[in-house]
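Structure first, then comments.
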Amino acid sequence: MSASVATPSRSRVFSGVQPSGLPHIGNYLGAFRNYIAMQETHDAIYCIVDYHALTSTHDAELIRLNTYEMALGLLALGLDPERATLFRQSDRPEHVELSWLFATVTPVTWVERTPSFKEKRRNQPEDVNHGLLTYPILQAADIAIYHAKYVPVGKDQAAHLELAREIVRAWNARYGDYFVEPRAVFTDSPIVKGTDGVNKMSKSLGNVIDIFAEPDVVRKQVMSMVTDTQRILRTQPGRPEVCNVCQLHRFFGADYEVIWDGERTARTGCVDTKRLLAERMIDFFASARERRAKLAAKPGYVEEVLRAGAERLAPLARESMGECHARMGLGPLR
Ligand code: TRP
């Protein structure tokens with residue numbers, strides 16, 4: 001495995017996920033499905049981005065706990081540490097160093113116009129810290145430091161990936177071709193909406209459907225979903241194309257057309273469709289839930305996976321930084 005990090009025979013993928021605690025359906029449909037599929041075909045590196053998390057929370061215990069939970073969740077869902085490298089971002093501090101170097105070739109206007117920055121400035125006006133502005137530069141560094149070519153992410157990350165490409169291009173233009181321009185890889189799922197039916201599913205908005213929660217919690221979350229708001233009476237035909245519940249059925253069962261038709265013709269009501277969706281989701285993740293419980297019972301298991309992952313990446317991260325120092329003029333006279 002360590003040999004494949006230095007000289008990958010398969011093309012490399014990298015992705016990062018926020019330590020938001022228990023993974024939810026949006027994480028899974030948008031990105032994790034691809035994480036797991038791509039570990040079979042690519043040299044895969046996955047990272048829990050705790051440095052990034054600091055831009056939105058300053059609760060130390062929460063970040064640690066959520067990092068653990070996210071790692072455990074990924075392993076339970078099938079991420080295999082024998083095939084893929086899973087690590088914690090802060091265990092490879094070279095990412096932060098590279099983000100500084102990248103910052104020096106990134107025009108301020110590029111980060112100021114980033115949609116996620118504008119959104120955060122609106123959503124957390126009491127904490128518009130500088131990390132929010134630098135966020136996408138650190139993300140570019142995460143990917144580039146390992147020369148990853150493909151980045152499985154949800155569609156909400158398209159702008160960040162575009163910016164990562166621009167930053168790499170700017171660095172290469174100044175210091176010579178070295179870093180790889182990364183490309184986003186999306187799943188076939190559109191941005192997954194939360195139970196509010198409006199916003200993207202996200203832990204911080206409290207609109208998630210959990211993967212590992214107790215079945216009764218999942219049922220409650222699904223039953224709370226906002227559906228087609230124009231369908232008021234059970235007998236009234238619905239609009240499955242805008243109904244979030246119907247849209248999610250696509251991924252949990254082979255009879256999407258039947259569900260669609262039921263809603264369109266008012267043969268089924270929202271409550272029926274929700275009940276069915278909840279049971280299907282619970283079934284779908286039953287084995288992952290069992291696996292999570294088993295792994296959680298192994299003392300030190302998750303920590304050992306993360307530690308070994310970071311260690312495996314050390315040579316590559318150091319090599320990239322050495323090359324940056326050489327090309328950018330850092331260090332002694334040569
Ligand atoms: N910004 C990403 C998200 O919120 C997380 C992330 C950080 C990431 N670094 C990355 C994703 C590098 C892909 C590659 O989902």
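The values are calculated or read from the model by the stated rules, or taken from the named source; none is laboratory data. This is a predicted model, so every value here is computed, not measured. Here the Cβ is made from the backbone with ideal geometry for all residues, glycine too, and neighbour counts use every protein chain on show. What goes into the accessible areas is simple: the full protein's heavy atoms, side chains included, and nothing from ligands, DNA or RNA. Shrake-Rupley method; radii C 1.70, N 1.55, O 1.52, S 1.80 Å.
Numbers at a glance
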| item | result |
| --- | --- |
| Enumeration of residues in region 77-101 that are out of contact with any Ser or Thr (no Cβ under 9 Å at 6 or more places or on another chain), closer than 22 Å to Gly331 by Cα and within 14 Å of the ligand (Cβ to nearest atom) | Arg92, His95 |
| Hey, Ser20 more than 14 Å from the ligand (Cβ to nearest atom), open to solvent by 10 Å² or more (accessible area, probe 1.4 Å) and within 23 Å of Arg92 (Cα to Cα) or not | no |
| Among residues of region 148-180, those that are under 17 Å from Glu323 (Cα atoms), open to solvent by 40 Å² or more (accessible area, probe 1.4 Å) and part of a loop (DSSP other than H, G, I, E, B), counted | 3 |
| Among (1) within 16 Å of Ala144 (Cβ to Cβ); (2) open to solvent by less than 30 Å² (accessible area, probe 1.4 Å); (3) in contact with a helix residue (DSSP H, G or I) (Cβ under 8 Å, 6 or more places away or on another chain), the one test that Arg12 misses | (3) |
| Qualifying residue in region 37-45 (condition: open to solvent by 20 Å² or more (accessible area, probe 1.4 Å), within 13 Å of the ligand (Cβ to nearest atom), among the polar types (S, T, N, Q) and modelled with pLDDT of 95 or more) | no |
| Count - residues of region 182-203 that are acidic (Asp, Glu) and free of Cβ contacts under 8 Å to residues at least 24 places away in the same chain | 1 |
| Hey, Glu61 out of contact with any helix residue (DSSP H, G or I) (no Cβ under 9 Å at 6 or more places or on another chain) and either under 28 Å from Ser9 (Cα atoms) or modelled with pLDDT of 95 or more (or both) or not | yes |
| Residue check, Thr67 of a type in the set (Val, Ile, Thr), out of contact with any Cys (no Cβ under 9 Å at 6 or more places or on another chain) and surrounded by fewer than 22 Cβ atoms within 10 Å (Cβ to Cβ) | no |
| Residues of region 143-170 satisfying the condition of being more than 8 Å from the ligand (Cβ to nearest atom) and farther than 25 Å from Ala310 by Cα | Lys155, Ala158, Ala159, Glu162, Leu163, Glu166, Arg169, Ala170 |
